Amino acid sequence: MKSLLKRDFIAGIACLVIAAFVVWYGQDYSYGNLNNMGPGYLPRILGIALSICGILTILGAINSMERVPRINVRALVFVTLGILTFAFTMNRIGMLPATFLLIHISALSESPYRIFRTLALSLSLCLLSYLIFIFGLNMPIRLHPWSF
Amino acid sequence: MELFDNILLGFSVAFTLDNLLYCALGVTIGMFIGVIPGVGHLAAISMLLPLTFYVPPTTALVMLAGIYYGAQYGGSTASILLNLPGTPASAVVCLDGYPMAQNGRGGVALLMTTLASFVGSFITVFVLAAFAPPLAAFAVSFNSADYFSMMLLGLVAAAILVQGSPAKGAAAVIIGLILGMVGTDVNTGVQRYTFGFSFLYDGINIVAIAMGIFGIAEVIANVGKIKGAQNDHKITLRSLIPTAQDLKQSIMPMLRGTGIGTGIGILPGTGTSIASFLAYAIEKRVSRDPKKFGKGAIEGITAPESANNAAAQSAFIPTLTLGIPGDAVMALMLGALLIHGIAPGPNVITDNPGLFWGLVVSFLIGNVLLLILNIPLVGVWVRLLKIPYPLLYPSIILFIAIGVYSINYSHLDIVLVAFFGLVGCLLLVLGFEPAPLLLGYILGPMIEENFRRTLLISRGDMMVFLERPVSATFLALCLFLLIWSIHSSSKERRIRKRIESSR
């Protein structure tokens with residue numbers, strides 16, 4: 001069971017999974033032949049090459065003791081959530097409210113959440129991004145819910 | 001006299017007010033990015049790429065290049081004072097720079113790394129001016145087989161020269177190549193791996209990939225880890241003054257570092273980090289007293305700093321002469337050229353002499369500016385280290401999001417950034433290096449096109465790659481690199497076994 005948690009073992013399995021997906025999804029693309037390759041030629045070659053790398057990595061894991069390092073799941077969740085919120089709100093309610101949301105959501109990655117500091121940061125970044133992107137570069141970006 | 005005319009042309013281009021201004025802006029931003037740990041130059045350049053749509057191509061490149069080499073100067077500051085690399089390339093400076101700071105010689109270390117950076121950059125600019133034009137003239141005769149073999153060499157080098165196992169390096173390159181296939185196949189018009197999303201028809205936006213796997217993943221990995229400078233570092237101008245001994249001991253390491261960096265930088269697929277690590281390893285090997293390394297040896301900071309700056313400058317040689325980017329930063333530069341309607345390749349220098357020579361002269365100006373920025377203003381940069389990361393990282397995320405949005409005004413590009421942020425974290429966890437992946441992604445479409453074109457012309461005859469001398473030379477180099485890596489990794493394994501059995 002211990003060997004299953006080794007970093008290189010999981011890395012090798014990940015290679016095999018990606019390789020299998022690439023070959024499986026690409027089976028509809030025509031293969032062609034060497035003097036006139038179709039769009040499916042390279043995907044297959046790369047899939048096979050990647051699976052060889054995956055197997056070599058798994059074999060290499062036998063001698064390695066390296067475990068998977070811990071990752072900051074909290075930061076992962078809130079940073080990603082912040083970016084996605086920004087992506088889906090900026091066209092609807094404009095850049096300034098979306099900026100406000102992005103800063104506050106991504107600041108949740110760290111505890112404690114300092115409300116006043118984050119508030120100050122988000123307001124000054126709203127001002128800064130207005131000055132750079134709208135005032136300075138004249139980018140056609142919607143600013144707030146009541147603009148264009 | 002042609003060279004003289006060209007340099008004169010370069011001066012006339014670089015000394016316009018706009019170009020001087022953007023050069024100064026670029027190096028200052030670069031310095032800023034370099035000093036602060038957790039903000040990479042790649043993220044900075046991709047954030048500022050949209051800004052360059054509004055200026056002429058030469059000005060755009062002058063600024064982007066300034067960020068790149070400016071960051072190489074700044075990277076060592078955090079390494080020396082905090083034992084925390086400001087850029088990946090300056091990680092090796094921690095080994096001897098931090099002990100120097102602990103011994104009260106932090107000021108000397110800062111001055112010597114600045115000097116080493118300047119020496120490495122300045123010499124390499126002349127190498128660039130001397131070698132790029134003849135190389136470009138030679139490259140005009142390259143055909144698709146030669147291009148294929150050259151890019152293959154770049155990928156092999158990128159796969160092998162990673163830390164850790166070459167199999168994982170190769171896997172990273174291949175995953176990059178697979179990502180590069182996404183979009184419309186140029187030869188047949190078939191949509192490959194687009195999953196029906198129309199925003200993927202032109203391929204995955206390179207800025208989205210670069211910002212995701214470098215910028216966002218970097219932020220996620222650093223949140224809660226970077227604490228900022230706790231102790232007060234008082235760096236006075238007086239404390240900067242090195243002894244005659246320091247200077248004497250540094251001359252040769254700087255020159256060796258410059259040589260190594262220049263060579264590594266020209267090779268596609270390698271980067272500034274490899275240059276600085278290699279320079280350190282070689283310095284340790286040639287030293288009469290290898291034991292002092294790691295305890296504050298001045299050679300241990302000057303050689304790598306010269307090397308990474310030299311590599312940052314010489315990386316422009318393949319980019320501007322062959323149109324082949326050696327790393328992700330260079331790919332973004334080529335992207336900037338393409339946006340302005342300049343096709344990268346061997347004709348750039350002859351068709352746009354003002355661009356090439358203006359850029360070369362701007363490097364000279366930029367390096368002098370960096371010297372001025374560094375030495376009298378050292379206290380300002382040291383104080384920058386006190387900016388708390390909790391204020392910094394939400395700002396980075398915001399500028400990444402707005403930056404990628406402003407390229408196509410598409411909110412789906414921001415979603416892609418988030419997705420590649422997750423991918424980047426996964427790569428980090430599983431120990432795959434992101435740099436070879438990005439190189440595979442960049443070179444993938446070019447490699448496939450040249451491979452298919454070659455075999456279309458030769459009617460499927462693979463021997464064509466060996467018949468052309470240029471192509472055969474590149475393939476022989478690939479083979480040499482592969483054998484060398486297998487040899488050295490088996491040697492490493494033997495040494496590891498010996499260590500384990502002796503325990």
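Candidates are the residues of region A:87-104 that are more than 7 Å from every other protein chain (Cβ to nearest Cβ) and of a type outside the set (A, V, I, L, M, F, W, C); the one that is surrounded by the fewest Cβ atoms within 10 Å (Cβ to Cβ) is A:Arg92. Residue-level check: of (1) in contact (Cβ under 8 Å) with a residue 40 or more places away in the chain; (2) under 17 Å from B:Leu128 (Cα atoms), B:Thr319 misses just (1). For region B:58-89, a tally of residues being part of a helix (DSSP H, G or I), more than 12 Å from the chain's Cα centre (by Cα) and polar (S, T, N, Q) returns 5.
Scanning region B:481-503 for residues that are loosely packed, with under 12 Cβ neighbours inside 10 Å and either modelled with pLDDT of 85 or more or within 26 Å of B:Phe142 (Cα to Cα) (or both) turns up just one, B:Ile483.
The single condition from (1) at pLDDT below 90; (2) within 19 Å of B:Gly424 (Cβ to Cβ) that A:Met1 fails is (2). Screening the candidates A:Leu84, A:Leu131, A:Leu56 for the property of being free of Cβ contacts under 8 Å to residues at least 24 places away in the same chain, of a type outside the set (Ser, Thr, Tyr) and within 7 Å of chain B (Cβ to nearest Cβ) yields one hit, A:Leu84. Every listed requirement among (1) crowded, with 21+ Cβ neighbours inside 10 Å; (2) over 29 Å from B:Met463 (Cβ atoms); (3) out of contact with any Ser or Thr (no Cβ under 6 Å at 6 or more places or on another chain) is met by A:Leu50 save one, (2).
The selection criterion, being within 14 Å of chain A (Cβ to nearest Cβ) and more than 26 Å from A:Ile55 (Cβ to Cβ), does not hold for B:Val156.
For region B:267-283, give me each residue that is buried (at least 17 other Cβ atoms within 10 Å of the Cβ) and modelled with pLDDT of 85 or more. So that I can check it myself, show each step before the final result.
If we filter region B:267-283 for residues that are buried (at least 17 other Cβ atoms within 10 Å of the Cβ), which is where we start, we get B:267-280, B:282-283.
Correct list: B:Ala275, B:Ser276, B:Phe277, B:Leu278, B:Ala279, B:Tyr280, B:Ile282, B:Glu283.
Looking only at region B:351-395, residues that are buried (at least 23 other Cβ atoms within 10 Å of the Cβ) and within 14 Å of another protein chain (Cβ to nearest Cβ) come to 2 in all.
The values are calculated or read from the model by the stated rules, or taken from the named source; none is laboratory data. Since this is a predicted model, take the numbers as computed values, not measurements. Every residue, glycine among them, receives a Cβ derived from its backbone with ideal geometry; neighbour counts consider all protein chains shown.
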